[in-house]
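In what follows, a single structure is set out as structure tokens and then discussed.
The values are calculated or read from the model by the stated rules, or taken from the named source; none is laboratory data. Because the structure is predicted, anything quoted here is derived from the model rather than measured. Positions of Cβ are backbone-derived with ideal geometry, glycine not excepted, and every protein chain shown enters the neighbour counts.
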Amino acid sequence: MMAPLLEVNNLTKRFDRRLPPVVNDVSFAIEPGEIFALLGPSGCGKTTSLRMVAGLESVDSGRIRMGGILLEGNGKPVPAENRGIGFVFQDYALFPHMTVNRNVGFGLRRLPRDERRRKVRRALDLVGLKASAEAMPFELSGGQQQRVALARALVAEPKLILLDEPFSNLDAVLRETTRVEVRNLLKSTGMTTLLVTHDQEEALSFADRLVVMNEGRIEQTGTPEEVYNRPRTAFVSRFLGRTNLIDGEARGCMAETVLGRIRLDRTIWGRVLVSLRPEHLTLRPWDERANRPPGVIVGRAFKGHDITYRIRFPDREWLVHTDNRTQFQTGDRALLAALEPGVVLDDPPDSVAVSTPPEPAEIAAGA
Amino acid sequence: MAVWLKSWRERRAPWMFVLPAALVALATLVPLAYLILQALDAEGQALREILWRRRNLILFWNTLRLVVGVLLVAAVIAFPLAWLTARTRLPWRWLVTMVGVLPLAIPGYVMAYALLGLGGNYGALAQWTGWAPPRLSGYWGAVFSIGLYTFPYLFLNLRTALMGMDPAQEDAARCLGAGSLETFFRVTLPQLRPAILAGSLIIGLYVLGDFGAVALMRFETFSQAIYTQYALAYDAVYASWLALLLLVFTGAVLVMEARLLRRTLLHKVGSGNRGKLGLLRLGWWAIPAWFFIGSVFLASVLVPVATIVSWLFQYPEGVRWVDAWSALRGSLTASVPAAFIAGALALPIAYLGVRYPTRSTRVLERSAYLAYATPPLALALAFTLFTYRFLPGIYQTLPLLIGVCALRYMAESVGPIRSALYQASPRMEEAARTLGCTPLAAFFRVIFPLVVKGLGVGTALVFLSVMKELPLTFLLSPLGFETLALNVWNFANEAMYAEAAPYALMLLVISLLFVGLLLFRERST
């Protein structure tokens, strides 16, 4: 394993002494060439963390080290202009009084003119904007502005590039294609990247590894698959898509729950809180011989390749994704069954209200 | 008229909006044209004598260095103030904004009178402290009295520009390796250029036209020379030539400004704003900051007010407030009607510019600003000569004075009306039309109620300007007509500082009240 390029240790930042820290004891490390994401709802401290890495925000305590050089932590922070870290801002922050060419060449002033021109041309070529070199920023579309901002950051050959919600100002259609293009570009240049986003789909599809943050703290670190399939907390499981949370009495790798006996993802004893994603559940027809009472289908949304059902039991509702071959209608009675092992969460079982999974938007707004 | 407008574009501006705008343009252009004709009337030999006088060069040099000096004073005050209000977390920032705006209430000639009354053996300072520094006069006197009065124009422009700028741009520059000085010179300053130009233009035009302060300070400029030639030497031809030279000077300034501005098209790109995060904490630097703010307030507001009040107590036989009241009545009879007429003229012009932005309406709009850009003494001279020759019925009458004041200061009320109009979407008017309103009815039932506040602000600005107005009143007022401004200047010009005090105080109280009111309104919205 290579030494990490960026190491952040116990980073803490407080804006107001009366309030809890905005960034609270945050630590992570990024490998060279890796795309790393900070994911969390707005106000969770992810952008502040990013700005501290860039040197745009002062650090209260903690250390930031890049390539063996201490950027923060000995009381003498390296100023932003000497860090060699590129930054692509949410609103791109292009200089409106300069052409695309001069925007991109801004950071190369100390190079001889010919070399500067060559580099600018290559950077614009890389982002596919050679034709717009003499345009003013306002003449470009949002997607083009974004690519200029990227070229401007890349052309200075930084060791690390920071992206602050880079796709949030693009419309939905453009966002997906731009995301793929930018990811390919970053990977082809081998650029180490730190991305901040509140969009879970963006983080899961864009990053090699990610950190989920909530209220200034790190909830979980891991690859997208790990974080999605094995969330460690109720917050993570809800923030990354929808989930059903249930109580259970664990006995080793099984637990007794309202669904009957289900498998668990690890061995544990005692009362536990378990997360079951809707797609890890399925519906079975109910008949008189079943030893459990049935639920009633109260909602059915056909989405083409799958169907989302809401099924009501006396105590609560459940969310289930099935393939499009199941044929239940609203009002039918059915039983629930788990297809995959339940994921045991670290939260104590009574700390989280076990109820209908809310929409992800509601979690983001409430957090 | 409607025909050629139609040829410019299909959607024709309604005549009831075009007509007032066209009238305003004509009313300004015709007398100015006559002034030029009058000047060209001079014989060849006489003309050569007029043009090659050494005095013209001196006047030119004096006017130029006055403009430069005033701009420097204004910049030194306005830059730090604007930066403090827009970019720092200094507490009580609205107070700093006050300090930056209130001096507008103290006209240049009152400032000049106060500075003259401050120093010297019998000055206010000598009375308070026994210390009698030499009296400030001449070039430096003129520079400070006008600079302390006009710096708010630069301050307001800079403040708006600084607040509108995206702080992420400065962060971006730093991430690209630029230090804070480099960032300021390569990113911040270039974007302030339009604001600097706009503020400097207003100040420059004011300096070119100012007569009261320079005359009191005994500093010769074009404007002051026009007055001397016309009112004291009765030489209309030379006065016209001086006015013409001043117009050329003004035109050159306007052209220069337009050229400098041409390549700076500033659009904010993107939409993010980090708001409070971008503001700087001053820490201990707040102490020198407040010291600076306090000094500006002391020099621009406290000193003139205190000087005037102290002279008031020296009044030989008790203050004769009766005279002051009658002068106030004179001021009001000119400024109240002028303000309303200006508002009524500005409304259609602003409406045309916002709703029908074609080349022809832009020409009309520009010509409405012509009177504002014309130095007031040149404008007054043009109207005097024109009415004397062609409309003797209104020569030196109150209606003429009111009309010319309205014409000149109307430009000040276009801005607030226009901003209000931008809030009123054309969709609303279209909705009213589909509900059965004629264009005029739609305007009065839907748009007018929305712009009435902007109209109020615009009218108040004109009222304030006409109250403080001096040069137009000098040449155009009927015989025996008195205003506060005239009396302040006349007494101060004779070094009768005590006699000038009640008029000056009354003028200041009214101006300060109005400026305070406008500020308060801006703060509450």
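The figures follow:
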read-out: Close pairs (7 angstrom Cβ cut-off, 6 or more residues apart or separate chains): within 14 Å of chain B (Cβ to nearest Cβ) in segment A:108-136, of a type in the set (S, T, N, Q) and assigned to a helix (DSSP H, G or I) anywhere; value: A:VAL120/A:ASN101; A:SER132/A:GLN144; A:GLU134/A:ASN101
read-out: Residue within segment B:424-447 that is among the polar types (S, T, N, Q) and within 30 Å of B:GLY209 (Cα to Cα) present; value: no
read-out: Qualifying position, being loosely packed, with under 15 Cβ neighbours inside 10 Å and at pLDDT 75 or above, among B:SER295, B:SER223, B:SER240, B:SER271; value: B:SER295
read-out: Condition check for A:GLU31: within 14 Å of chain B (Cβ to nearest Cβ) and farther than 17 Å from A:PRO166 by Cα; value: no
read-out: Residue match in segment A:256-263 (condition: within 25 Å of the chain's Cα centre (by Cα) and at pLDDT below 90); value: no
read-out: Candidate set from segment A:144-154 (those that are within 12 Å of chain B (Cβ to nearest Cβ) and of a type outside the set (A, V, I, L, M, F, W, C)); member that is nearest to A:GLY84 (Cα to Cα); value: A:ARG152
read-out: Residues satisfying the stated conditions in segment B:502-525, i.e. in contact (Cβ under 8 Å) with a residue 12 or more places away in the chain, within 24 Å of the chain's Cα centre (by Cα) and within 21 Å of B:GLY330 (Cβ to Cβ); value: B:TYR503, B:ALA504, B:LEU505, B:MET506, B:LEU507, B:LEU508, B:ILE510, B:SER511, B:LEU512, B:PHE514
read-out: Neighbours by Cβ (under 8 Å, 6+ apart or cross-chain): first from segment B:359-387, within 12 Å of B:THR250 (Cβ to Cβ); second acidic (Asp, Glu) and crowded, with 23+ Cβ neighbours inside 10 Å; value: B:PRO376/B:GLU469
read-out: Qualifying residues in segment A:86-102 (those that are under 13 Å from A:ALA153 (Cα atoms) and of a type in the set (A, V, I, L, M)) - the one farthest from the other protein chains (Cβ to nearest Cβ); value: A:VAL100
read-out: Residues of segment B:170-200 satisfying the condition of being facing another protein chain (nearest Cβ under 8 Å), touching a Ser or Thr at 6+ places or on another chain (Cβ under 8 Å) and farther than 26 Å from B:ARG259 by Cα; value: B:ALA173, B:ARG174
read-out: Leading residue by the ranking (modelled with the lowest pLDDT) among those in segment B:310-363 that are assigned to a helix (DSSP H, G or I), in contact with a helix residue (DSSP H, G or I) (Cβ under 7 Å, 6 or more places away or on another chain) and closer than 13 Å to B:LEU505 by Cα; value: B:TRP321
read-out: Selection count where residues are at the interface with chain B (Cβ under 9 Å from one of its Cβ atoms) and either farther than 12 Å from A:GLY55 by Cβ or in contact with a Lys or Arg (Cβ under 8 Å, 6 or more places away or on another chain) (or both), scope segment A:69-85; value: 5
read-out: Residue ID - surrounded by the most Cβ atoms within 10 Å (Cβ to Cβ), chosen from residues in segment B:408-455 that are within 34 Å of the chain's Cα centre (by Cα) and part of a loop (DSSP other than H, G, I, E, B); value: B:ALA424
read-out: Single unsatisfied condition, A:ASP171 versus (1) within 19 Å of A:ILE85 (Cβ to Cβ); (2) without any contact (Cβ under 8 Å) to a residue 60 or more places away in the chain; value: (1)
read-out: Residue in segment A:164-177 that is hydrophobic (A, V, I, L, M, F, W, C), in contact with a helix residue (DSSP H, G or I) (Cβ under 8 Å, 6 or more places away or on another chain), assigned to a loop (DSSP other than H, G, I, E, B) and more than 14 Å from chain B (Cβ to nearest Cβ) present; value: no
read-out: Hits in segment B:129-158 - residues which are touching a residue at least 12 places away in the same chain (Cβ under 8 Å) and not in a helix (DSSP H, G or I); value: B:ALA132, B:PRO133, B:PRO134, B:ARG135, B:LEU136, B:SER137
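Per-residue answers, yes or no, for (1) touching a Pro at 6+ places or on another chain (Cβ under 9 Å); (2) of a type in the set (Val, Ile, Thr); (3) surrounded by fewer than 22 Cβ atoms within 10 Å (Cβ to Cβ):
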residue: B:VAL303; (1), (2), (3): no, yes, yes
residue: B:LEU347; (1), (2), (3): yes, no, no
residue: B:LEU364; (1), (2), (3): no, no, no
residue: B:ALA368; (1), (2), (3): no, no, no
residue: B:PRO376; (1), (2), (3): yes, no, no
residue: B:THR397; (1), (2), (3): yes, yes, yes
residue: B:LEU401; (1), (2), (3): yes, no, no
